Amino acid sequence: MTTRHDVSTVPPQGGYVAKQCPVRAQNDVLQPCEPLPTSPVLERRFARGRAFEVEVVAEMLEQHADAVAIQAEERSQREADTAAAMARGAALIIGGRLPLDDAARRVGEPDLLVAAPGGGYRPVDVKHHMALEPKGALPGLVSELAQPAFEAAAREDAAREDAAAARKHKGDLLQLAHYQRMLETAGMAATEGRMGGIIGVERRVVWYDLDAPIWRTPSSSGKTKLRSTMQIYDFEFDFRLDIKAVAAQHMAEQSRELLVVPIRIGECDECPWWDHCREQLEAGSGDVSLISRVGWREWSIHRARDIADRSALASLDHATAALIADGVDVASAQEQARALPADTPIGSIPIMARRPKQRSILEAAGIATAGQIVALDQRTAGYSDAGLSALPEQIDRARAALGPSPVYRRRGVTDVRVPRADVEIDVDMENIEDGVYLWGALLADGAASEYMPFVTWEPMTLEAETAVFTSFWRWFTGARAAALASGRSFRAYCYNASAENQHLLRLGRAAGVIDDVEAFIASDEWVDLLRVFDEQLITGTGSGLKVVAPLAGFTWQVEDPGGGEAMLRYDEAVGEDGEAARAWLLAYNRGDVEATRALREWMARAAVPSIIDL
């Protein structure tokens, strides 16, 4: 993307800006209010990230005596030292600063620069999270710290039990793309392919092809298109330069219109400008982005049709939206139908004559004439070319958000059904960036129940978390076998099982029980209660456990229950005086499994109104 504005006055930017919220980039210039202080959770993440980077760098220096570590503190000297090291072909450069790219307004400090055999360098960044996952779309291409070069990387063999896929972390890859562009400008990029590496907590270099089309994005046609990391980066970075340039112009001349307006995204809770944006988003009936699962693409589609708040979205016609979601071009059919007598059969409407599938969908909905098509809601019909299959869902979510009940039955759901069994176990795990330290289970056998925590407070290593998992898995499979042997049915439950499944698979491989784990996850004995909830019930505020468990009257017995607080408590728990924090974590985990059970029992008996009643 070529910038549309003069960005020469924008200070050079690091790679982080490309992955940052565009509104935050704008507010960083405007400074619209007193920024919120950095939260303790975010401070912890930064601190642990820095500490992890120090550990990896020390390990790299120990293994590579010829590595060049850039030591200067002054930026221009660091740039000069890095350029000199690249010019003489150093095999590994640690802590460098790339030459300023003044024209493109880029600065960058990759953690590592790894020389390529054909000349030039490839960027590698150290990240304090997992860079590999048990299953994924990207095959693992991994080199060891002792031989970090891309050419030394081996593709993970999918047939091996311990094979892993590369984790697809967009922010990481955008930073690598930033360094790649800077290396190209400096004439120091590797000549063979655009590859960048991430060193995660596995302490291995996971390599990514930055030109591979792996990101599905909107296109001008209304459909989606696969784009590469480099393409995404170029657009996002240049867009934010534009945003910052225009924001500076707005500061000087208030009539200059800003380029972006607030939208609710996952990043908001950690943004220093959230108070400023929240006031705008919550005004009136609330911005459409406050609806769960309405992201930027959906928000922009609504905005283009003058649907800016939840009230406007709720006022659209669900029946018309359902036809559009099924693929009917209602707008075109209406345009042609208006020129015909009202009693004209829909088969005589030219577009319907050419599209028998759409005609059959209309007929199944009881729409047989041109007059009935014209009677469909014209405003909703305006979404016919939007490619928004979730429009009926979003209309119902907006209605649920504004309705008098906190939760509703979905359309077509007469009775809420929950899979039950004679013996039931609720499962929840607690983890940090390095791995899982606690598997908690609540065993219910008839009227009796027992909470079983499997935990380690030892330094987190793969061996330590595998030992905890093995203890949990042995107990869990024993309880299951005992239930089945006695002729009783068995089920285990989790709320949002995607995280648990990832770690079950990863640790199942490490413990040598992957076949058993895969078979259990695929069975109907493993129930994701979030999926059960979402398939039958709908709210306007989301369906996270902390949001929906209070519907069952459940409250946690600890203050500030949540994953962020658990991270902070864990750091205390592994310290010398960690007893109070350990007790908090066990009580918090117990609360999670008890909440899952309470919600399940409430769903089976609650009288919930239907969304159709609104």
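The values are calculated or read from the model by the stated rules, or taken from the named source; none is laboratory data. No experiment lies behind these values; they were computed from the predicted model shown. So basically every Cβ, Gly included, is an ideal-geometry build from the backbone, and we count neighbours across all protein chains shown.
Only one of the listed residues (549, 606, 595) is under 30 Å from residue 459 (Cα atoms) and either in the same structural domain as residue 436 (by TED's automatic domain parsing) or surrounded by 14 or more Cβ atoms within 10 Å (Cβ to Cβ) (or both). That residue is 595.
Whenever a residue of the stretch 414-425 is over 17 Å from residue 443 (Cα atoms), its partners that are assigned to a loop (DSSP other than H, G, I, E, B), lying with C-beta atoms within less than 8 angstrom and at least six residues away or across chains, give the pairs 416/606; 416/608.
Scanning the stretch 125-151 for residues that are more than 18 Å from residue 92 (Cα to Cα), of a type in the set (Gly, Ala, Ser) and either surrounded by fewer than 21 Cβ atoms within 10 Å (Cβ to Cβ) or outside the structural domain of residue 194 (by TED's automatic domain parsing) (or both) yields a total of 2.
Taken as a whole, the condition of being touching a residue at least 24 places away in the same chain (Cβ under 8 Å), outside any helix (DSSP H, G or I) and either closer than 22 Å to residue 178 by Cα or out of contact with any helix residue (DSSP H, G or I) (no Cβ under 8 Å at 6 or more places or on another chain) (or both) does not apply to residue 32. You will find that of 570, 495, the residue that is outside the structural domain of residue 390 (by TED's automatic domain parsing), crowded, with 18+ Cβ neighbours inside 10 Å and closer than 18 Å to residue 419 by Cβ is 495 and no other.
Please verify whether residue 134 is over 18 Å from residue 209 (Cα atoms), at pLDDT below 95 and not aromatic (Phe, Trp, Tyr), treating the condition exactly as stated. Considered against the rule, which asks whether it is over 18 Å from residue 209 (Cα atoms), at pLDDT below 95 and not aromatic (Phe, Trp, Tyr), residue 134 comes out as yes. For the stretch 416-475, a residue qualifies if it is part of a helix (DSSP H, G or I) and either surrounded by fewer than 21 Cβ atoms within 10 Å (Cβ to Cβ) or over 27 Å from the mean Cα position of the chain (by Cα) (or both), and the qualifying residues are 462, 463, 464, 466, 467, 468, 470, 471, 472, 473, 474, 475.
The conditions of being touching a Pro at 6+ places or on another chain (Cβ under 6 Å) and without any contact (Cβ under 8 Å) to a residue 24 or more places away in the chain are met by residue 79. For the stretch 554-561, the count of residues that are more than 28 Å from the chain's Cα centre (by Cα) and outside the structural domain of residue 45 (by TED's automatic domain parsing) is nonzero.
Residues in the stretch 562-589 that are within 26 Å of the chain's Cα centre (by Cα) and closer than 25 Å to residue 443 by Cα: 562, 563, 566, 570, 585, 588, 589.
Of the residues making up the stretch 278-296, those that are in a helix (DSSP H, G or I), under 19 Å from residue 538 (Cα atoms) and not hydrophobic (A, V, I, L, M, F, W, C) number 1. The sole residue among 183, 174 that is closer than 18 Å to residue 150 by Cα, at pLDDT 95 or above and in the same structural domain as residue 121 (by TED's automatic domain parsing) is 183.
Just to check your reading of the model, which residue among 293, 278, 264 is among the basic types (Lys, Arg), under 20 Å from the mean Cα position of the chain (by Cα), within 25 Å of residue 306 (Cα to Cα) and surrounded by fewer than 18 Cβ atoms within 10 Å (Cβ to Cβ)?
Exactly one residue qualifies, and that residue is 293.
Scanning the stretch 515-530 for residues that are farther than 18 Å from residue 606 by Cβ and within 20 Å of the chain's Cα centre (by Cα) yields a total of 1. The set of residues in the stretch 57-74 that are touching a strand residue (DSSP E or B) at 6+ places or on another chain (Cβ under 6 Å) and farther than 15 Å from residue 124 by Cα contains only 64.
Any idea how many residues of the stretch 541-589 are outside any helix (DSSP H, G or I), touching a helix residue (DSSP H, G or I) at 6+ places or on another chain (Cβ under 7 Å) and of a type in the set (Gly, Ala, Ser)? I'd like the intermediate steps shown before the answer.
So in the stretch 541-589, the residues outside any helix (DSSP H, G or I) come out as 541-544, 553-562, 574-578.
Add one more test, that the residue is touching a helix residue (DSSP H, G or I) at 6+ places or on another chain (Cβ under 7 Å), and what stays is 541, 543, 554, 556-558, 561-562, 578.
Then keep just the ones that are of a type in the set (Gly, Ala, Ser); that gives 543, 562, 578.
So the answer is 3.
Restricting 97, 78 to those that are over 18 Å from residue 150 (Cβ atoms), in contact with an Asp or Glu (Cβ under 7 Å, 6 or more places away or on another chain) and either buried (at least 17 other Cβ atoms within 10 Å of the Cβ) or modelled with pLDDT of 95 or more (or both) reduces the list to 97.
Yes or no, residue by residue, for (1) in contact (Cβ under 8 Å) with a residue 40 or more places away in the chain; (2) farther than 25 Å from residue 548 by Cβ:
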{"position": "371", "(1), (2)": "no, yes"}
{"position": "379", "(1), (2)": "yes, yes"}
{"position": "389", "(1), (2)": "yes, no"}
{"position": "397", "(1), (2)": "yes, no"}
{"position": "400", "(1), (2)": "yes, no"}
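Within the stretch 225-242, the presence of a residue that is at pLDDT 95 or above, in a helix (DSSP H, G or I), over 25 Å from the mean Cα position of the chain (by Cα) and among the basic types (Lys, Arg) is excluded. Looking across the stretch 359-377, the residues that are surrounded by fewer than 21 Cβ atoms within 10 Å (Cβ to Cβ) and either within 40 Å of the chain's Cα centre (by Cα) or not in a helix (DSSP H, G or I) (or both) come down to 360, 361, 363, 364, 365, 366, 368, 369, 375, 377.
The condition (being under 25 Å from residue 231 (Cβ atoms) and basic (Lys, Arg)) is satisfied by just one residue among 168, 135: 168. If I filter the stretch 601-614 for residues that are more than 23 Å from residue 422 (Cα to Cα), in a helix (DSSP H, G or I) and without any contact (Cβ under 8 Å) to a residue 12 or more places away in the chain, do I get at least one hit? Among the residues of the stretch 601-614, not one is more than 23 Å from residue 422 (Cα to Cα), in a helix (DSSP H, G or I) and without any contact (Cβ under 8 Å) to a residue 12 or more places away in the chain, which makes the answer no.
Taken over the stretch 241-270, the criterion of being closer than 26 Å to residue 292 by Cα and touching a strand residue (DSSP E or B) at 6+ places or on another chain (Cβ under 8 Å) is satisfied by 262, 263, 264.
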